[in-house]
Amino acid sequence: MQIIRINRALAPCAALLALHAPATAAPNPSLHIAAEVSQHGAQSGITNTSFTAWLPPKTGFAGLNGALSLTGNSPAFSEALVLLGTTPDDRAACTRRNATTSPAVPPVSRLWAGILKSNETATVTLPVAFTLPHAVSAQAAGACLVTVISAGYPYLDRAAARYTRTTAHLNIVLAPIQNATAQIIAIGLGGEFRIAAHPGTTLATYVGMRANQNLTLDAIATATSAAPVTGAPAARNWTQAPTEDWRANTDFVYIPAPICAAAHFDTQPGNKILSILRMPKPAPLQIPPGAVPLAHTALPSHATVSIQRTAFNQFAPAPPKGFTGTLSPGDCLVAYDSATSANGTATLDVENQSTVYLRKEAK
């Protein structure tokens, strides 16, 4: 049976005109992205589709508002990742990339991401709204803005086709970049984890970063989702779906250098700016004493109902008590993802697709 995939992308020219309007025009010009991926008629599985638009010269990514949605035709587990970023493509190559598919999520310089999960046929949605204190600069000559939709059913059914419809309606706030004195670095801190939720016991994973030079933390745009996995083959080892309450949490914390060093986090090779800390295997972890809470996202749910959240936490110019707002060499920023249940063991798919915005001052 042939797969029919419907891809739609729209970036209205009217949105770009505001960039060249007089000073009395709207103070926050924006670029509207409307992207849709619909799969019909076959065992489609997860697909990765890229939609592109052109960011004008000397502009930066300054914020986002809009919503994502996911609808499936089966009450089995489905998911959708929407990733926003840029590539070094010139304008012609950027146009050729529009509405193309790839076997894997293509590499981009990250700007933001959102994640949805579902165990039903009703539409699930995820709103997003934030403005950055400092814009992420694009290339001086302009940049290729890519919206990647990676969506579908990870587990298929030979007896019936499973397919999804994913939409992203996003207004990207743009800001002029003139003689930038700092570099804004957007990095993803998170991942997708299989966590067994037990009553009375909390298992957690962590992913984070250790600063290798002074970095100012501007903001964290959290995007998290969790769900049991229904409709999976028995060989995939997802336990029976929960029938009572369960909860997943994501906690971002600042950890001063001496405490971070004493915690002996698993560290991956880094660069002059930062090193990545990561332990994807769940364990009964404790946040180190002396860590400063920065952002908490609770994902409470019941039985097989999925849950998703976005939030925005800004730290410039007013960081919380115990944190100056700057990560000095050796300081760490860590995200803990955890889960627990009210009764019985429930294996959950917990995903954290949060984006951290760091500011590196020019020398």
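Enumerate the amide H contacts of residue 142 below 5 Å, restricted to partners 5 or more residues apart or on another chain; note that Pro and chain-start residues carry no placed amide H.
58
From the phi of every residue in region 103-116, what ³J(HN,Hα) in whole Hz does the Karplus formula 6.51 cos²θ - 1.76 cosθ + 1.60 yield, where θ is phi - 60° and glycine or proline is x?
Coupling constants for region 103-116: x, 9, 5, x, x, 9, 7, 5, 10, 5, 8, x, 9, 10 Hz.
Rounded to whole Å, give me the distance from the Cα center of region 108-135 to that of region 170-240.
Their Cα centres are 11 Å away from one another.
Apply the Karplus parameterisation 6.51 cos²θ - 1.76 cosθ + 1.60, with θ equal to phi minus 60°, to every residue of region 46-63 and state each ³J(HN,Hα) to the nearest whole Hz, in sequence, with x for glycine and proline.
Taking θ as phi minus 60°, the curve returns 7, 10, 10, 10, 10, 10, 10, 8, 9, 7, x, x, 6, 10, x, 7, 10, x Hz for region 46-63.
Per residue of region 225-240, in order, report the coupling 6.51 cos²θ - 1.76 cosθ + 1.60 (Karplus, θ = phi - 60°) as ³J(HN,Hα) in whole Hz, putting x for Gly and Pro.
Karplus values, whole Hz, x for Gly and Pro: 7, 8, 6, x, 10, 9, x, 8, x, 4, 5, 7, 6, 8, 6, 4.
Of all accessible surface on the chain at a 1.4 Å probe, what whole percent is carbon and sulfur?
55
What 222 nm value per residue comes from the helices of the chain, counting each DSSP H run with n ≥ 4 as -39,500 (n - 2.57) and dividing by all residues, nearest 500 deg cm²/dmol? Can you show the working numbers first?
Values: 3 runs with 19 residues, N = 363.
After summing the helix terms and dividing by the residues of the chain, the value is -1000 deg cm²/dmol.
Taking the Cβ of residue 299 as the center, what net charge do the other residues with Cβ under 12 Å away carry, scoring Lys and Arg +1 and Asp and Glu -1?
Summing Lys and Arg as +1 and Asp and Glu as -1 gives -2.
Note the direction-averaged projected area, equal to a quarter of the hull surface, for the Cα convex hull of the chain, in nm².
The directionally averaged projection comes out at 19.1 nm².
If the reach is capped at under 25 angstrom between alpha carbons, list the lysines near residue 58, excluding any in the same chain fewer than eight residues apart.
Candidates past the 8-residue exclusion: 360, 363.
Show the residues, 5+ positions off or on another chain, whose built amide H is closer than 5 Å to the amide H of residue 203.
198, 339
Tell me, what are the semi-axes, in whole angstrom and largest first, of the equivalent ellipsoid of region 228-287 as set by the roots of 5 times the Cα gyration tensor eigenvalues?
Largest first, region 228-287 gives 33, 16, 10 Å.
So which aspartates and glutamates can residue 281 reach, going by Cα to Cα under 15 Å and dropping same-chain residues fewer than 8 places off?
Filter leaves 192, 266, 337, 349, 351.
List the residues whose amide H sits under 5 Å from the amide H of residue 327, counting only those 5 or more places along or on another chain, with H placed 1.01 Å from N in the peptide plane.
215, 216, 217
The values are calculated or read from the model by the stated rules, or taken from the named source; none is laboratory data. As the structure is a prediction and not an experimental result, all values here were calculated from the model. Here the Cβ is made from the backbone with ideal geometry for all residues, glycine too, and neighbour counts use every protein chain on show. Only protein heavy atoms, including side chains, enter the accessible area calculation; ligands, DNA and RNA are left aside. Shrake-Rupley method; radii C 1.70, N 1.55, O 1.52, S 1.80 Å.
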